[in-house]
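Read the structure below first, then the notes.
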Amino acid sequence: MARTGFVFREEGLLHDTGPLHPESPQRLLAVLKAFERAEIETPRIQVDPATRADLLRVHSEDHVETIRETCAHGYPYPDLDTSMGRGSWDAALLAAGGAIAACRAVLAKEFDNVFWAMRPPGHHAERDQAMGFCLFNNIAIAARWLLEEAGLKRVAILDWDIHHGNGTQHIFYEDDAVYYASIHQHPHYPGTGYPDERGKNNTNLNVQMPPGCDPDQWLAALDKMILPEFERFDPEFLLISSGFDAHRMDPLGRQLLETDHFSEMTRRVRHVAGGRIVSLLEGGYHLDALGASAVAHFKALQEDC
């Protein structure tokens, strides 16, 4: 059995998005309760907040300062979907820092892989703009740390959130040290992620799924399109944007995946990068489906390659 670590900090619950916002603290509580019901031990990883230097490897100085001031003073943010409050700054720093801590733990062989259950999520955040519930791009910050601080040469990012990770794609579009592959519903928010967008040296891949498509199409996309590309790229580390909003019960999507499909997708990528994987929670807005899918994903991570 693989040693799977877990990243969680209670400060993630203090990111207050308002009473009716779908990206609420209840999401993390649903994950924790599901793990408790399943009697899964979740070895916690020590997390320090991301430093300004960590953020600036991905984001502009203006963006970082805008988010800090917006959180501190309760200013409105131009993207009305992306709410934040006084607790959001600390939550965002710990979320980004937790992504780095997870990578560090895997490289140090403390764990074979890690599941990161924090908020706010990240894959929509652009270099200089928060959007789509995301303040900082956590997975991009982790990838940059792996390349620039840990000295890796090739990092792969797999994004199976139902929404295309526009921020992650744009951040690495001209960087062929990172292969970004996304399976997402189209048409859907944010309206990005087309198959002809291939990035520098063909290190960007988008697979569009029509609303209501057969879940086997998701598995086939992994087997026939993404995994051959990852084999060619030969990454030293795999980061996963694990959105669970392609579940058939999710209110923000129109896909038909069941909980077991997230297990199966996880199994099919467990061997990538020699199993050195950090998976970061992105979307998932039906609380029961989110909790069950996160448990299924975690259990599959615990399986041997």
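Residues 195, 211, 187: which one is in contact (Cβ under 8 Å) with a residue 40 or more places away in the chain, surrounded by fewer than 23 Cβ atoms within 10 Å (Cβ to Cβ), more than 16 Å from the chain's Cα centre (by Cα) and in a loop (DSSP other than H, G, I, E, B)?
Unique residue meeting the criteria: 211.
Only residues that are assigned to a loop (DSSP other than H, G, I, E, B), closer than 23 Å to residue 278 by Cβ and either acidic (Asp, Glu) or in contact with a Ser or Thr (Cβ under 8 Å, 6 or more places away or on another chain) (or both): list them for segment 2-24, please.
8, 15, 23
Restricting the search to segment 56-69, which residues are outside any loop (DSSP other than H, G, I, E, B) and basic (Lys, Arg)?
68
If you take the residues in segment 75-104 that are farther than 19 Å from residue 124 by Cα and either in contact with a Phe, Trp or Tyr (Cβ under 6 Å, 6 or more places away or on another chain) or hydrophobic (A, V, I, L, M, F, W, C) (or both), which one is surrounded by the fewest Cβ atoms within 10 Å (Cβ to Cβ)?
101
Whether any residue in segment 79-94 is at pLDDT 95 or above, assigned to a helix (DSSP H, G or I) and out of contact with any Leu (no Cβ under 9 Å at 6 or more places or on another chain) is what I want to check.
Taking every residue of segment 79-94 in turn, at least one turns out to be at pLDDT 95 or above, assigned to a helix (DSSP H, G or I) and out of contact with any Leu (no Cβ under 9 Å at 6 or more places or on another chain).
For segment 285-305, check the following and say yes or no: at least one residue is among the small types (Gly, Ala, Ser), over 22 Å from residue 29 (Cβ atoms) and at pLDDT 95 or above.
yes
Suppose we keep only residues that are closer than 26 Å to residue 271 by Cα, surrounded by 14 or more Cβ atoms within 10 Å (Cβ to Cβ) and over 17 Å from the mean Cα position of the chain (by Cα) within segment 1-33. Which one would you say is modelled with the highest pLDDT?
Applying the filter and picking the extreme gives 3.
Being part of a helix (DSSP H, G or I), in contact with a helix residue (DSSP H, G or I) (Cβ under 9 Å, 6 or more places away or on another chain) and of a type in the set (Gly, Ala, Ser) narrows it down to one residue among 241, 263; which is it?
That would be 263, the only listed residue that is part of a helix (DSSP H, G or I), in contact with a helix residue (DSSP H, G or I) (Cβ under 9 Å, 6 or more places away or on another chain) and of a type in the set (Gly, Ala, Ser).
Out of the residues in segment 105-149 that are in a loop (DSSP other than H, G, I, E, B) and charged (D, E, K, R), state the one that is surrounded by the fewest Cβ atoms within 10 Å (Cβ to Cβ).
So the residue we want is 109.
Do the conditions hold for residue 72, that is, is it at pLDDT 95 or above, out of contact with any Cys (no Cβ under 6 Å at 6 or more places or on another chain), crowded, with 24+ Cβ neighbours inside 10 Å and not in a loop (DSSP other than H, G, I, E, B)?
So residue 72 does not fit the description; no.
Can we say residue 152 is within 24 Å of residue 102 (Cα to Cα), assigned to a loop (DSSP other than H, G, I, E, B) and either without any contact (Cβ under 8 Å) to a residue 24 or more places away in the chain or among the hydrophobic types (A, V, I, L, M, F, W, C) (or both)?
When the stated conditions are applied, residue 152 passes them.
Determine whether residue 280 is buried (at least 21 other Cβ atoms within 10 Å of the Cβ), within 19 Å of residue 102 (Cβ to Cβ) and either among the β-branched types (Val, Ile, Thr) or touching a Phe, Trp or Tyr at 6+ places or on another chain (Cβ under 9 Å) (or both).
Yes; evaluated as a whole, the condition is true for this residue.
For residues that are in a helix (DSSP H, G or I) and of a type outside the set (A, V, I, L, M), scanning just segment 25-55, find the one that is farthest from residue 76 (Cα to Cα).
37
Name the residue that is surrounded by the fewest Cβ atoms within 10 Å (Cβ to Cβ), counting only residues in segment 228-270 that are of a type in the set (Ser, Thr, Tyr) and within 22 Å of residue 187 (Cα to Cα).
Across segment 228-270, the extreme among qualifying residues is 241.
The values are calculated or read from the model by the stated rules, or taken from the named source; none is laboratory data. All figures in this text were calculated on a predicted structure; none of them were measured in a lab. Cβ sites come from the backbone with ideal geometry, for glycine too, and all protein chains shown count toward neighbours.
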